[in-house]
Structure formats: C-alpha cells, structure tokens
Amino acid sequence: MSPDKKLINAVDLSVTFKVPSGSLRAVDTVSFYVNAGETVAIVGESGSGKTTLALSLMRAYAPTSGNLFFEDEDITHLSEKALKDFRKKVQMVFQDPYSSLDPRMTVSQVIAEPLRAHFKLSANERDEKAGESLKAVGLSPDFLNRRASQFSGGQRQRIAIARALALDPKVLVADEPVSALDVSTQAQIVNLLQSIQEERNISYILVSHDLRLVYHLATRVVVMYLGKVVEEGACDDVVANPQHPYTAALLSAVPALDEASRRDRIVLNGAPPSPIARPTGCSFHPRCPIARPECSTNTPELQTMPNGRKVACFYPGELQPHISFTSSK
Amino acid sequence: MINTATNAIEIKNLVVSFPTPAGYSAVVRGINLTINPGDRVAIVGESGSGKTMMGLSMLGIQPTAAKVEGEILIGDVNMVTAADAVARKLRGNYISMVFQEPLTSLNPVRTISSQLSESVRRHNSISKKEAEARVLAVLTAVGIPAPKERMKSYPHQLSGGLRQRVMIALALINKPQLVVADEPTTALDATIQAQILDLLRSGMGDAALMLITHDLAVAADVCNRIVVMYAGNIVEQGPVAEILSNPKHPYTRGLLSAIPKFDQARPALNPIPGAPPTISEVVPGCRFASRCSYADAQCTASEPEFINNIACFHPVTGAVK
C-alpha cells in the first residue's frame, strides 16, 4: 500500500439535524481524509461538530450531502448490510470506559461480541482471539473470565481498546480516549496507542480538546469551529505557527506550567454561538480579537496556502500564542 | 458569634472514613493543613486521593455514611462537631463551594437572581431590594455581560461558562473567607476554561481559594501553593514554583513527567505504573511504594511521616525532565 493511500476520504460532507426551530448543520461542507498509518486529530470545542464529524466518518450518521469513500469505494449511501465489511475495518474507542463497557459482561464476552458479529468461530477460537487481543493491550489473558466492573479506569480503557482491535481494523476512531482517566494512567494509554500504531500501521482519528495530547500523537490536525473546518495542516506546523486566530486562542488556552505562557494568554470573549443562530460573515468574528468590519459581512473560504496548510481567515497568521516548546533531543 | 480568626481555616488530623464490609476504611487519613487569608492553595491528586471528601467535610456536606474525625477550625468553631445551626450559619457565609458541574448545582426552576438573593438574605437581614443590588454587584464583579438581564434568566438559558460564573458569584456573594472550588473547569471547553482560570486567579476579592484539581497545570495556573495528595495523605506541599522546578516526592515527579508537553522530540510519556490502592486495601508502609521506583524495604515496612513538607523516606532532588 502506498504511504499516501487515503483510507477514509470525505468530500464536502454535511450532516444536518432537524430541530424544532429549523435545521442544525452540525457538519458543514467538510472535506477530510486519513491515510494509512497516520493520526489525524479533530480539534474544537463542544458544538464544533468534531464528534458528529467523527461519527459520520464511521457512517454512524448518514451524511445529508457530500460523499464518503472508504478505500476508494463510495459508501455514502450503502445499506447497513453492505457496510458490514467497512464496520469491521473501522472501529471506535469511546471516552468513558465506565459507560462503554457493560459491567455485567465478562471481559471475554466484551471482546468476543464484535468477533461473534463478523466471524463464524467456535467458542474456543473466540476465546483464543480475545486472549490475543488482551495481550496486545498489555493485560493478562487470565482476566478473560472477570467482569468489566472489577477493573480500574485504565484497565477498562485497555479492554475497550482490545475489543476494538479484535477485528484487526485499519482505522481506529478515538473520541477523547484518555480524558476520563487519571493523569498517571493517561500516559499508559497514550503510550499503548502509539505502540499499537507502530506494530499494526493502523490509522487513528483522534477527537480531542487537549492540544498537548494532540501535539504528542497526531501527524495532521483539523480545527473545527461551528461545524466548519477553520484550519488544517501538519500538526508540527499548525502548533508552531497557527494561522487562524481560533487555533491561536485554543493553543494559548492550554493550562501551562510556565509563567510566560500564562502571562501572554489570549483569552477570548464569550462562548461559541449556537449553530442554529450562526453569525453572519465569519462565524468566529464575534469572539475574534483581530476581527475587522468586513469579517461580519464576508465569509472567508478555506484557502490552501503554498505549504499545503488550509485556513479560513482574511488575516491569517496575525494572532500568535506564546507556547513554550521543549526538546528532549 | 464567630471570632474572626487570623487563619481562614485550620485542619487538624482530619480523618474521613466510610463503612465497608471489613469495618470503616479511611479515604482521608489524618490531614493537617492551614489556609491563610488570601491564600490560593491547590489540592492536587487523582481520583480516590480523598481531595473531594476533604473539601466536602470542610463545609460539613460530606455523604451521610461518612464518619468525620479530627478538627476543621473556622475561627473558634470546629465544623466537625458544630451543631447543624452553627454550621449552616458558616456555610455560604464564611466558607462556600463551587462544584464541577454548575448545571446540576443550580436550581433549574428558579432565576439566577432569586437563587443569589436567597443566599444573601439567609445570612443578612436586609431588604429584597438591597439583596438584589448586591446580586447585581457580584454578577458584574465575576464578569457576566449584561448582568441586569441575566438576573432574570434561568440556569438552562446560560452557557456553561456563564453558569460557572454564576456559581462563583454565589460562592462570593457573602464575602466568605474561603472558597472551595472542586474541579471548577473540568466540564468547560478550553477557551472558557481559560476565562474561568483568570477569574479564579484574580477575581476572588479577599477570599482565600482552595482549588481541588487533578491537573497540575491548572493548579500552577491559578494558585500560589500546591498540596499533593495520594491515597488519603498529603505527600508533598510547597510554593508553586518550587513544586514545579524541584519536586521531591516521587509521586509528584511522576505526575509532572506523565503530562504530555509541547516537546518537539515527542518522547514516549513516562506513566506511573500500576494504580492507586483501593479504599479497603490494607497497605503496610508507604501507600505509594508499590508504584515507586525508589522504594526499598523501609518503604514497605513503615509509613513515612509528613515532615518538612514531604512524606517520603527517599526524597529526590532536581528538576523533572
């Protein structure tokens, strides 16, 4: 497989929900792709559409318009039956392992469930596969007969990852995979996700609000605001030199251990507006520290810059956060 | 009635325990802590460290099953033994609390103004009009835009950030000596968290702040002193700069090195192996020993006392990489 082979590829994808006061466009004409073996992070605040985008990339939501391709096959309108192979190849890890695992099921039942849905295996074969999956996440196969409720948060998230890996997927969608965990166990799961990727060349779609984590894990980052992509690019590049003022503010908002980052913090006014009552012009202009009059009337398109970076702003690069980089090299 | 003391609050040998099949198990295991006027102290620890239970018992609002022993002194009143009527007079007046999730802590069927006025009038004999003037003043002070209009709003009509500002206003309205804030920004978005951290750092007036958090970066952002708790004990405390630049307890060091940083080399993270002991687990010696790379026979044989701001037989020096 060539390194730049697009596994999931969404073109101008929109997802609209009906609400009492009309319609809510949670994802608005978003193009997104993930190559084999890479990690793409979707970043944004609540209401930005990041989770809806991730779920629609899995065809958990049917897109209202646009197209979704998996390995070059158009799966936008495929039936659930025809999607079965796709479901096997794209798996998910949820935020909270206390609610994503049935506490009454044994670990073996939890991990065998997807195997049962997709393969005709004997009970012994399933147990063997489940045991292998457990080993891959650093847990002993002896745990197979215990119940999920007997495990700590970090162990549960390992079990959830083992369940997702049981089908040997090509893409793993992880929605805030460590934010429900304690700091000391977060690092265990982050390292585990990295080593799994190295071993299996699996692609990750990482949904997260934690930009330190995103910087650590992702190769590319997509920043969303009110359903639209406002910036996209190589992770190193976006963090070192954000072009959109919203990206700059998000980076600046990361709680910092150093004084300088705190002193020069960009603090935005207000909260993101409701996607039902979208501001005119650039959606970000009511909160933007560098907005000009034209920003409230004209809508900036997502433009591709010479280095491949994409940004939807009339004044890219003007606002820069203070970030203290370290280098352990 | 209450002697305004020099200390905002003094905790002496606080033990909070819960009944288990094997008898009472302590989640807070003998804590001593003094918070002075104007202090901003962060209590940092993971889930199960006892930090929230300590905060709740300081206000006397711990779960009914909990057994609280020791002293929590506010002026000359010991909250542990105080009569209900006395504790009620102190709560919301001398000591108040900000919770993690403002939507579940505010009454959904009453306006902001009526909830804040209630707290003012409970502790002061003033007219409705005077109370409303104070509500308006405090809403303005915590940075709520168009406060006059917002007074008439119900909690669900406000955004998460505004609701948390209302919670902080409610905590501040009677000019308390101490505000206990339990993970006040965990439920908020990144840019809103930055706003609330600003408010906690510089908008609390004369009130001392005790910030309960699992995030060392949040602690460093807001506070001037950090108290690190592990499995019911304080294991280390000190000024923020010192804890960050020269942490001595292996657990504090572990927490610091586990956080991902903007490190261009992207080295593998350094997790702390294992998990904290459960509430009913009997641990001989240091409760961190099983996860500690410096532990030796002494650590598993006896429990280190908290002396000179640290509870460790083998304190480490130097910055964490």
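The values are calculated or read from the model by the stated rules, or taken from the named source; none is laboratory data. Please read these numbers as outputs of a predicted model, since none were measured by experiment. Here the Cβ positions follow ideal geometry from the backbone for every residue, glycine too, while neighbour counts run over all protein chains shown.
Pick from the range A:260-295 the residues that are in contact (Cβ under 8 Å) with a residue 24 or more places away in the chain and in contact with a Lys or Arg (Cβ under 7 Å, 6 or more places away or on another chain): which of them is nearest to A:V223 (Cα to Cα)?
A:S283
For A:A160, are the conditions met, namely being under 23 Å from B:G48 (Cα atoms), at pLDDT 95 or above and in the same structural domain as A:K120 (by TED's automatic domain parsing)?
yes
Any residue at all in the range B:216-223 that is within 13 Å of another protein chain (Cβ to nearest Cβ) and at positive phi?
no
Take the range B:164-193 and flag every residue that is more than 26 Å from B:M53 (Cα to Cα) and surrounded by fewer than 24 Cβ atoms within 10 Å (Cβ to Cβ).
B:A190, B:T191 - these are the residues of the range B:164-193 that are more than 26 Å from B:M53 (Cα to Cα) and surrounded by fewer than 24 Cβ atoms within 10 Å (Cβ to Cβ).
When the range B:253-262 is examined, which residues are found to be touching a residue at least 24 places away in the same chain (Cβ under 8 Å) and either more than 7 Å from chain A (Cβ to nearest Cβ) or out of contact with any strand residue (DSSP E or B) (no Cβ under 8 Å at 6 or more places or on another chain) (or both)?
Of everything in the range B:253-262, those that are touching a residue at least 24 places away in the same chain (Cβ under 8 Å) and either more than 7 Å from chain A (Cβ to nearest Cβ) or out of contact with any strand residue (DSSP E or B) (no Cβ under 8 Å at 6 or more places or on another chain) (or both) turn out to be B:R253, B:G254, B:L256, B:S257, B:I259.
Counting only residues that are under 25 Å from the mean Cα position of the chain (by Cα) and in contact (Cβ under 8 Å) with a residue 40 or more places away in the chain, which one in the range A:119-147 is farthest from the other protein chains (Cβ to nearest Cβ)?
A:A136
With (1) away from chain A (no Cβ under 14 Å); (2) crowded, with 21+ Cβ neighbours inside 10 Å; (3) within 22 Å of B:L197 (Cα to Cα) as the list, and B:G161 as the residue in question, which single condition is left unmet?
Among (1) away from chain A (no Cβ under 14 Å); (2) crowded, with 21+ Cβ neighbours inside 10 Å; (3) within 22 Å of B:L197 (Cα to Cα), the lone unmet condition for B:G161 is (1).
Return yes or no: is B:L139 assigned to a helix (DSSP H, G or I), farther than 19 Å from B:I61 by Cβ and not assigned by TED's automatic domain parsing to the domain that holds B:T52?
yes
Hand me the list of strands (runs of 3 or more DSSP E) wholly inside the range A:200-305 holding 2 or more residues that are within 13 Å of chain B (Cβ to nearest Cβ).
Where strands (runs of 3 or more DSSP E) fall fully within the range A:200-305 and carry at least 2 residues being within 13 Å of chain B (Cβ to nearest Cβ), they are A:203-208, A:220-225.
Would a scan of the range B:263-273 turn up a residue that is within 19 Å of A:E259 (Cβ to Cβ) and within 14 Å of chain A (Cβ to nearest Cβ)?
yes
Taking B:S25 as meeting all but one of (1) closer than 30 Å to A:G154 by Cα; (2) surrounded by fewer than 16 Cβ atoms within 10 Å (Cβ to Cβ), write down the number of the exception.
Of the numbered conditions (1) closer than 30 Å to A:G154 by Cα; (2) surrounded by fewer than 16 Cβ atoms within 10 Å (Cβ to Cβ), the odd one out for B:S25 is (2).
How many residues does the range B:255-268 hold that are touching a Ser or Thr at 6+ places or on another chain (Cβ under 8 Å) and outside any helix (DSSP H, G or I)?
Final tally of qualifying residues: 6.
Please count how many residues of the range B:232-252 are in a loop (DSSP other than H, G, I, E, B) and within 12 Å of chain A (Cβ to nearest Cβ).
Residues in the range B:232-252 being in a loop (DSSP other than H, G, I, E, B) and within 12 Å of chain A (Cβ to nearest Cβ): 1 in total.
State whether the residues of the range B:301-316 include one that is of a type in the set (A, V, I, L, M), closer than 30 Å to A:D237 by Cα and outside any helix (DSSP H, G or I).
no
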